[in-house]
Amino acid sequence: MPKQFTITYDYLCPFARIANETLIEAIRSGHPFEPTFSPFSLHQNSLAPDATPVWDRPVDRHLGSGVLALLWSVAVRDGLPRRFADLHLALFSGRHDAGVDLSDPVVLEEIAASVDVDADEVRALIATGAPMEALRLEQTHMVERHGVFGVPTFIAGDEAVFVRFMERHRIDDLERVIDMITWTNVNEFKRTRVPR
């Protein structure tokens, strides 16, 4: 079972919520996983080939569904890493429990405040352009190298697997999938590329 792997997320997806939430629960209960949480914009992925990519749009305008929340999460992941897990869970909860609009900066400020994240600090980190560049680099790399098309996708080494968990809080399901990532004798589980 790999301990180090990447997991993709977009707050719009309930299946990404289940996987990311369960992974954080597993880590907090003592599992030795060392994941990299990597944003993957479903909005960007749905754009027409000739459309302006979300990362080439001004940050002070509407970027598309879910993109601003991804920038907030990346800013905290990279600039305030001790606060990331709490914000990550709160953003998923805001979207899927409360049904809030994660494109609204005021909503994002409220969610950040609820987990003791300073909104001014996050805005300053976003203003540097680093979170948007991280989104561009990570998503482009995952698409080009691993054929990633959605969330949640688990990536370990050269293997990338798209998974939809059906139940929340099932660490045993998570362990089983992580154990299977490098098992290449099956494809419809659902691999983004046939490894042979």
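Give just the number: which of (1) among the hydrophobic types (A, V, I, L, M, F, W, C); (2) open to solvent by less than 70 Å² (accessible area, probe 1.4 Å); (3) within 23 Å of SER65 (Cβ to Cβ) does LEU137 not satisfy?
Here LEU137 clears every test but (2).
If you check ILE126, ILE111, which single one turns out to be farther than 24 Å from LEU47 by Cα and assigned to a helix (DSSP H, G or I)? Even if it seems obvious, please write down each step before you answer.
Values: ILE126 fails: farther than 24 Å from LEU47 by Cα.
After applying the criteria, what remains is ILE111.
Would the stretch 93-107 turn up any residue that is among the hydrophobic types (A, V, I, L, M, F, W, C), in a helix (DSSP H, G or I), surrounded by 22 or more Cβ atoms within 10 Å (Cβ to Cβ) and at pLDDT 95 or above?
no
Which one of ARG168, ARG145 is exposed (fewer than 15 other Cβ atoms within 10 Å of the Cβ) and in a loop (DSSP other than H, G, I, E, B)?
The conditions single out ARG168.
Taking the stretch 148-165, which residues are of a type in the set (D, E, K, R) and crowded, with 19+ Cβ neighbours inside 10 Å?
At the first step, the residues of the stretch 148-165 found to be of a type in the set (D, E, K, R) are 158-159, 164.
Across the stretch 148-165, the qualifying residue is only GLU159.
How many of the residues in the stretch 144-161 are over 14 Å from the mean Cα position of the chain (by Cα) and in contact (Cβ under 8 Å) with a residue 60 or more places away in the chain?
Residues in the stretch 144-161 being over 14 Å from the mean Cα position of the chain (by Cα) and in contact (Cβ under 8 Å) with a residue 60 or more places away in the chain: 2 in total.
Return the residues of the stretch 50-92 that are without any contact (Cβ under 8 Å) to a residue 12 or more places away in the chain and within 17 Å of the chain's Cα centre (by Cα); say none if nothing qualifies. Before you say what the answer is, go through the steps one by one.
Step one: filter the stretch 50-92 for residues without any contact (Cβ under 8 Å) to a residue 12 or more places away in the chain, giving 50-52, 56-58, 60-61, 81-82.
Once the filter is applied, which keeps residues that are without any contact (Cβ under 8 Å) to a residue 12 or more places away in the chain and within 17 Å of the chain's Cα centre (by Cα), the stretch 50-92 yields PRO81, ARG82.
What about GLU121, is it part of a helix (DSSP H, G or I), open to solvent by 10 Å² or more (accessible area, probe 1.4 Å) and either over 19 Å from PHE5 (Cβ atoms) or touching a residue at least 40 places away in the same chain (Cβ under 8 Å) (or both)?
Spelling it out, GLU121 is indeed part of a helix (DSSP H, G or I), open to solvent by 10 Å² or more (accessible area, probe 1.4 Å) and either over 19 Å from PHE5 (Cβ atoms) or touching a residue at least 40 places away in the same chain (Cβ under 8 Å) (or both).
The values are calculated or read from the model by the stated rules, or taken from the named source; none is laboratory data. Predicted model only: the values in this text are computed from it and were never measured. Virtual Cβ from ideal backbone geometry, glycine too; neighbours counted across all protein chains shown. Note: areas computed on protein heavy atoms with side chains; ligands, DNA, RNA excluded. Shrake-Rupley method; radii C 1.70, N 1.55, O 1.52, S 1.80 Å.
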